[in-house]
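Just below is one structure, and these are the notes that go with it.
The values are calculated or read from the model by the stated rules, or taken from the named source; none is laboratory data. What you see is a predicted model, and the numbers here were worked out from it, not measured in a lab. Using ideal geometry, Cβ is built from the backbone for each residue, glycine included, and neighbour counts are taken over all protein chains shown.
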Amino acid sequence: MKWNAFKHKVIGASALLYAGVTLAAPDLGVAEQQATNWHAIIMFIIFVGLTLFITRWAAKQTTNNRDFYTAGGGISGFQNGLAIAGDYMSAASFLGISAMVFSSGFDGLLYSLGFMVGWPVVLFLVAERLRNLGKYNLSDVVSFRLAEKPVRTLAAVSSLVVVAFYLIAQMVGAGQLIKLLFGLNYNFAVIIVGLLMMAYVIFGGMLATTWVQIIKAVMLLSGATFMALMVMHSVGYNFSNMFYQAIEVYGQVRNISFEEAAKIMGPGSLAANPIDALSLGLALMFGTAGLPHILMRFFTVKDAKEARKSVVVATGFIGYFYLLTFIIGFGAILFVSNNPQFLDVARAAVTGKLELVGGNNMAAVHLSDAVGGDLFMGFISAVAFATILAVVAGLTLSGASAISHDLYANVFKKGRTTPESELRMSKIATLGLAVFAMILGILFEKQNVAFMVGLAFAVACCASFPILVLSMFWKGLTTRGAVVGGVAGLVTAVTLIILSKAVWVDTLNISETPVNPFNGPAIFAMPLAFFCCWLFSVTDHSARAQAERKAFDAQFVRSMTGIGASGASDH
């Protein structure tokens, strides 16, 4: 098959799943089944073979719950930092953010910075205390001194909502990608992805998932670095030259003056109003500190010191990665926007804007072809799939943890269970989640699912983050306050996103005017969650509430010192 035909749609299904946190993406069902692409397939087979070998090795090391959920706490801070970066850096943000820079210039940096600024919150507020207080996941922390059943149920449900929406989006993207690479039927492609994900998690647990994420992170950083180096080489490694030339090309292809084109170096085009800008910032900043599959990684290290090191390492790699996407976006302006083979002239005639073949979210893919040819483009395709697979494995593991450790072992069985039965339930939950993800991936083939990632961030920001941070820092939080606040944040966030333009108008086509005129719910739902947590806690004078307040001192000592947190059995 010719690369020109392939590159028109490859990875288009996943390109904005992460970066488009509050934006609607193109219809994912329009990708046509393609002939076989051997460059990408050979690299894909090498990656899958390597990761399945790692899974076989990890299966021999995974003998109990602690191994399954947290790799036995034996991952080093550096390894865990790289794995966290792998979990967080998606091919979608790689393609999506660079596409935003390509289209909007400086404004694309808004997303890069938004994703980055969440990490100091994780480092200074969450990582150390989370590792000292928890056992397997964030539910352990929020239920440390509060009533186990209602708080664990809320935390598990919030986690599962986040996981579900991420999972559906990733499965659809991966299915479309495999369909394009192999020329397979979409439904069969989704099933292949589900089976691979199932194998990684059921047999290898957290250890296999960690190493899949590490390998994927190295591949993605390598590919992005090569692209950025080629761009910088073309401008003499001078940022001023790159910006000047980009403004020049930007103006030429749009037939506007240099002064008009220079506006791409200033802010103002992505956020329609201050409310949307603030909501986006809140969701990206605080949503990171509530993502279950990210927080779960802090239990894979031996102590709080290694947890802090993990965040520092992850922040370094993620910061470097987002700098690369910024360079790649400007490189796409230089190499792609003025190259006729990458332009969709027919679509541009309809929209009156510069349009790329396959959509503007394909800017980085076209750039990989421009600077590295067919082979490098095949590598980027394999990296895109590796990225989705790694993220799906991490999400599945955190979902299985919520079902088996929280709902099964602690809510339904009330702690009266054996490690063996909990581990068995984890594997049953993984199987169930994989089948669930495959079914929804097939059902949502032709749906616009990018908004689901926005919903995941909003739920994490508005439901999980408030009760997590208040349970660790505020003595006055009670079970009643945590449950009411968490439910208020969860329900409000979901409702506002459903009523927004991205869902109500663009996805569901219920009417031409959205009920909620704003894209982001965080600015409304997160303060409401905090307020409800405060109000229903300070007005709670029950005996249980008094006991929960007194228990804060013991929790505080453990959160700061780690005494009692060294082993999985200490809780």
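Would you confirm, using the coordinates I've provided, whether Pro517 is surrounded by fewer than 19 Cβ atoms within 10 Å (Cβ to Cβ), out of contact with any strand residue (DSSP E or B) (no Cβ under 8 Å at 6 or more places or on another chain), assigned to a helix (DSSP H, G or I) and not small (Gly, Ala, Ser)? Considered against the rule, which asks whether it is surrounded by fewer than 19 Cβ atoms within 10 Å (Cβ to Cβ), out of contact with any strand residue (DSSP E or B) (no Cβ under 8 Å at 6 or more places or on another chain), assigned to a helix (DSSP H, G or I) and not small (Gly, Ala, Ser), Pro517 comes out as no. Restricting attention to the stretch 90-105, does a residue exist that is part of a loop (DSSP other than H, G, I, E, B) and either within 30 Å of Lys353 (Cβ to Cβ) or out of contact with any Lys or Arg (no Cβ under 9 Å at 6 or more places or on another chain) (or both)? There is at least one residue in the stretch 90-105 that is part of a loop (DSSP other than H, G, I, E, B) and either within 30 Å of Lys353 (Cβ to Cβ) or out of contact with any Lys or Arg (no Cβ under 9 Å at 6 or more places or on another chain) (or both).
Among the residues of the stretch 525-560, those identified as surrounded by 15 or more Cβ atoms within 10 Å (Cβ to Cβ) and among the small types (Gly, Ala, Ser) are Ala525, Ala529, Ser537, Ala545, Ser559.
Results for (1) at pLDDT below 85; (2) assigned to a helix (DSSP H, G or I), shown as yes or no for each residue.
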residue: Leu407; (1), (2): no, yes
residue: Arg416; (1), (2): yes, no
residue: Glu420; (1), (2): yes, yes
residue: Ile428; (1), (2): no, yes
residue: Leu431; (1), (2): no, yes
residue: Val435; (1), (2): no, yes
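Residues in the stretch 484-514 that are among the aliphatic types (A, V, I, L, M) and in a loop (DSSP other than H, G, I, E, B) were compared, and the one that is surrounded by the most Cβ atoms within 10 Å (Cβ to Cβ) is Leu499. Quick one: is Met377 over 26 Å from Gly287 (Cα atoms), free of Cβ contacts under 8 Å to residues at least 60 places away in the same chain, assigned to a helix (DSSP H, G or I) and among the aliphatic types (A, V, I, L, M)? Judged against the criteria, Met377 is not a match.
Taking the stretch 215-253 as the range and being hydroxyl-bearing (Ser, Thr, Tyr) and on the phi > 0 side of the Ramachandran plot as the test, only Tyr237 passes. For the stretch 491-514, the set of residues classified as more than 24 Å from Cys532 (Cα to Cα) and aliphatic (A, V, I, L, M) consists of Ala502, Val503, Val505, Leu508, Ile510, listed by residue number.
Restricting attention to the stretch 290-322 and to residues that are of a type in the set (A, V, I, L, M) and surrounded by fewer than 22 Cβ atoms within 10 Å (Cβ to Cβ), the residue that is nearest to His405 (Cα to Cα) turns out to be Ala304. Annotation note: of Ile318, Ile333, the sole residue that is farther than 28 Å from Ala155 by Cα, touching a helix residue (DSSP H, G or I) at 6+ places or on another chain (Cβ under 6 Å) and in a helix (DSSP H, G or I) is Ile333.
Listed conditions (1) more than 30 Å from the chain's Cα centre (by Cα); (2) free of Cβ contacts under 8 Å to residues at least 12 places away in the same chain are all met by Asp540, apart from (2). For Leu109, the conditions (1) closer than 30 Å to Phe379 by Cα; (2) touching an Asp or Glu at 6+ places or on another chain (Cβ under 9 Å); (3) in a helix (DSSP H, G or I) all hold with the exception of (2).
Of all residues in the stretch 55-90, those that are within 14 Å of Ala390 (Cβ to Cβ) and surrounded by fewer than 20 Cβ atoms within 10 Å (Cβ to Cβ) total 0. Only a single item in (1) among the hydroxyl-bearing types (Ser, Thr, Tyr); (2) touching a residue at least 12 places away in the same chain (Cβ under 8 Å); (3) not in a helix (DSSP H, G or I) is not met by Ser279, and it is number (3).
Each residue in the stretch 445-479 was checked for being modelled with pLDDT of 90 or more, part of a loop (DSSP other than H, G, I, E, B) and not charged (D, E, K, R), and 4 of them qualify. Within the stretch 28-65, the set of residues being at pLDDT 80 or above and of a type in the set (D, E, K, R) comprises Arg56, Lys60. Figure legend. Inter-residue proximity from the stretch 292-308: first residues assigned to a loop (DSSP other than H, G, I, E, B), second residues aliphatic (A, V, I, L, M) and surrounded by 21 or more Cβ atoms within 10 Å (Cβ to Cβ), beta-carbon distance below 7 Å, spacing 6+ or different chains. Indicated pairs: Val301/Ile75; Val301/Ala307.
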